[in-house]
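The structure appears right after this line, and notes come after that.
The values are calculated or read from the model by the stated rules, or taken from the named source; none is laboratory data. Note that the coordinates shown come from a computational prediction; the quantities given were computed from them, not determined experimentally. Glycine also receives a Cβ, built like all others from the backbone with ideal geometry; neighbour counts cover every protein chain displayed.
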Amino acid sequence: MPFCFTGIYLLLTLLWICSGSRLRQEDFPPRIVEHPSDLIVSKGEPATLNCKAEGRPVPTVEWYKDGERVETDRDNPRSHRMLLPSGSLFFLRIIHGRRSKPDDGSYVCVARNYLGQAISHNASLEVAILRDDFRQNPIDVMVAVGEPAVLECQPPRGHPEPSISWRRDGSNLDDRDERITIRSGKLMITNARKNDAGKYICVATNMVGERESETAELTVLERPTFVKRPSSVVLLADESVEFHCVVQGDPVPTVRWRKDDSDLPKGRFEILEDHTLIVRQVSSSDEGSYTCVVENMVGKSEASATLTVHVPPAFIVRPRNQVVSVGRTVTFQCEATGNPQPAIFWQREGSESLLFSYQPPQPFSRLSVSQMGSLTITDVQRSDAGFYICQALNIAGSVITKALLEVTDAGSDHLPPVVRQGPVNQTVSVDSTVNLGCQTAGTPPPTVHWKKDGMMVSPVDSRVSLTETGSLKIHYAKLGDSGFYTCVASSPSGEASWTAYLQVEEFGVAVQPSHPKDAALIPGAPSKPEVSNISRTSVVLSWKSSTNAPAVAFLIEAFSYTLGNRWMTVAEHVKAE
């Protein structure tokens, strides 16, 4: 019996020794099969740092933060950190304050058994933050339609870095609109439209939540544009016209009118509330370019239209009856104004032939019309006597006048008119009476008429009268009476004129007499000129001055039937010897 027990004992011992050797051969040191990952979590929220290890025997797991062992619930039941059976570290809540940040740091898990240890990769646990104050709030922006609009925003400091989005009038912007770009917090809208206007808010968002900026208003203004532009028009004189100008814009644009790049003269034009410009009873002076100028704070625009006034012809120089001798040359002057410039043509009464200025000269013809419209007849014959008709024509109408040509025998020419004593330059005060003298001579006696600045003096003005001697009287002179006055003496034999300047001054301006009151102080006519040394291009004239008052200088005039039957100045300021 002892043997047997002994044998059994030995067998059991050997079996135990053999079994123990097999278990230890299957053990292996720890290895990390799941490493923890970096975490960013919000303050007060739960979080888990995963860690899974293998080994035989099963390893124990501990955690270290920034090189120091982490206290868990296994060490302190009151700890907010729990070591899970899997080895993961669970935080009931993340604690993070201004002064204390116990959970913020770099973590590793360490797995151990009797064969060794394994250390995981580092994993950081960071606490997300998002401050309240924006580093830059957007500000109000004002742009015009079609311009780019930019609203800038710098979000509050935060971790992770907050993303930026924008809201308009409480709704998120549609980032599918290709005109909208958000970059580095900046909102850019290309080609702004009216419906882009509104109240904008910059929104900063991260895992902590979102923050809203102050409100910024985007105002999209509209440059002035024309709904209806003025149109060019062609009218006859005395008709009326309306130029329309309908505009839109934001803010409402101002509207004003210009004529030929200058402000409209006051009193002549009428502008309605809808900015329509009315020109009544148009005349040639109203012709030109009319521009509607519209403007607001974001832009300015212009639209122009042309007013063309067709004015019927009117004579400014009428032909006068003339008497010439056989063989002479005679010229009938005829000038007309109008718009467009009228064409002038001539016709002898009873004849169907018309003469125009642009007609080429006819062989052997003694009649021709100048570019200005004057009719000239050379080598006058008795058969040329009769009426000659001048007609001015344009698309607005026509006018007609005629003059009589009388032909006398050779050598029986009448002397042309002469102005013996014409008006003198004068300076007078307002409300003065002005007397402009004009003494004439000629055979037959000439008729006298007056021109002011080239225009016939109106006989309808009750302040103006023509005396029997040909003098012009102006009563109660006005400032507007200032100008050049010309006495014109005309007869069938020709025409002569004399011009002087009248200056009318306001009250209070000192006025000196402009001419001698004593007629004896006015130089008299010189003796009849003597002609000598006649050549094809020159002639020598000599005369004697009058004795009553020496002349300072002389004016030499000549009369020619071939030069329009009027006196022509050939020399002036000729000094007396």
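Could you go through the stretch 87-96 and let me know if any residue there is under 60 Å from the mean Cα position of the chain (by Cα) and among the charged types (D, E, K, R). Among the residues of the stretch 87-96, not one is under 60 Å from the mean Cα position of the chain (by Cα) and among the charged types (D, E, K, R), which makes the answer no. Only residues that are closer than 21 Å to ALA410 by Cα, touching a residue at least 40 places away in the same chain (Cβ under 8 Å) and in a loop (DSSP other than H, G, I, E, B): list them for the stretch 347-391, please. Residues satisfying the conditions are THR378, ASP379, VAL380, GLN381.
Scanning for something charged (D, E, K, R) and assigned to a strand (DSSP E or B), does the stretch 397-412 turn up at least one residue? Checking the stretch 397-412: at least one residue is charged (D, E, K, R) and assigned to a strand (DSSP E or B). Checked against the criterion of being modelled with pLDDT of 90 or more and either farther than 30 Å from GLY158 by Cβ or outside the structural domain of SER120 (by TED's automatic domain parsing) (or both), the candidates LEU83, LEU49 yield just one match: LEU83. So, SER86, is that one of a type outside the set (A, V, I, L, M), part of a loop (DSSP other than H, G, I, E, B) and surrounded by 15 or more Cβ atoms within 10 Å (Cβ to Cβ) or not? Answer is no for this residue. Checked against (1) at pLDDT below 70; (2) closer than 26 Å to GLY470 by Cβ, GLU577 meets all criteria but (2).
Quick one: would you say LEU541 is modelled with pLDDT of 70 or more, surrounded by 11 or more Cβ atoms within 10 Å (Cβ to Cβ), within 28 Å of SER325 (Cα to Cα) and not charged (D, E, K, R)? Steps first, answer last, please.
Working: modelled with pLDDT of 70 or more: yes; surrounded by 11 or more Cβ atoms within 10 Å (Cβ to Cβ): yes; within 28 Å of SER325 (Cα to Cα): yes; not charged (D, E, K, R): yes.
In short, yes.
Scanning the stretch 103-135 for residues that are under 19 Å from GLU210 (Cα atoms) and either among the hydrophobic types (A, V, I, L, M, F, W, C) or loosely packed, with under 14 Cβ neighbours inside 10 Å (or both) yields a total of 8. Checked against (1) at pLDDT 85 or above; (2) out of contact with any helix residue (DSSP H, G or I) (no Cβ under 7 Å at 6 or more places or on another chain); (3) farther than 30 Å from LEU404 by Cα; (4) not hydroxyl-bearing (Ser, Thr, Tyr), CYS487 passes all but a single condition, namely (3). Looking only at the stretch 181-203, residues that are crowded, with 21+ Cβ neighbours inside 10 Å and either modelled with pLDDT under 90 or assigned to a helix (DSSP H, G or I) (or both) come to 1 in all. Just one of the listed residues (SER262, SER301) is touching an Asp or Glu at 6+ places or on another chain (Cβ under 8 Å), among the polar types (S, T, N, Q) and not assigned by TED's automatic domain parsing to the domain that holds THR447, namely SER301.
Every test in (1) outside any strand (DSSP E or B); (2) at pLDDT 90 or above is passed by THR469 save one, and that test is (2). The criterion of being modelled with pLDDT under 90 and acidic (Asp, Glu) holds for ASP261.
Across the stretch 1-46, which residue is modelled with the highest pLDDT among those that are farther than 30 Å from HIS96 by Cβ and in a loop (DSSP other than H, G, I, E, B)?
Filtering the stretch 1-46 down to residues farther than 30 Å from HIS96 by Cβ leaves 1-31, 33.
With in a loop (DSSP other than H, G, I, E, B) added as a condition, the list becomes 1, 27.
Working: MET1: 38, ASP27: 93.
Here the residue is ASP27.
The selection criterion, being in a strand (DSSP E or B) and either within 30 Å of PRO29 (Cβ to Cβ) or among the small types (Gly, Ala, Ser) (or both), does not hold for ARG167.
In this structure, does ILE32 turn out to be over 13 Å from CYS109 (Cα atoms), more than 60 Å from the chain's Cα centre (by Cα) and surrounded by 15 or more Cβ atoms within 10 Å (Cβ to Cβ)?
Working: over 13 Å from CYS109 (Cα atoms): no; more than 60 Å from the chain's Cα centre (by Cα): yes; surrounded by 15 or more Cβ atoms within 10 Å (Cβ to Cβ): yes.
No, not satisfied.
Quick check: is even one residue across the stretch 392-400 of a type outside the set (Gly, Ala, Ser) and more than 49 Å from the chain's Cα centre (by Cα)? No: the stretch 392-400 contains no residue that is of a type outside the set (Gly, Ala, Ser) and more than 49 Å from the chain's Cα centre (by Cα). The residues of the stretch 204-240 that are assigned to a loop (DSSP other than H, G, I, E, B), surrounded by fewer than 16 Cβ atoms within 10 Å (Cβ to Cβ) and among the β-branched types (Val, Ile, Thr) amount to a single one, THR215.
Would a scan of the stretch 356-365 turn up a residue that is in contact with a strand residue (DSSP E or B) (Cβ under 7 Å, 6 or more places away or on another chain) and buried (at least 17 other Cβ atoms within 10 Å of the Cβ)? No: zero hits. From the list VAL419, VAL460, which residue is in a strand (DSSP E or B) and either at pLDDT below 90 or out of contact with any strand residue (DSSP E or B) (no Cβ under 9 Å at 6 or more places or on another chain) (or both)? Result of the check over VAL419, VAL460: VAL419. Of the residues making up the stretch 422-440, those that are outside any loop (DSSP other than H, G, I, E, B) and crowded, with 16+ Cβ neighbours inside 10 Å are GLN426, THR427, VAL428, VAL434, LEU436, GLN439, THR440.
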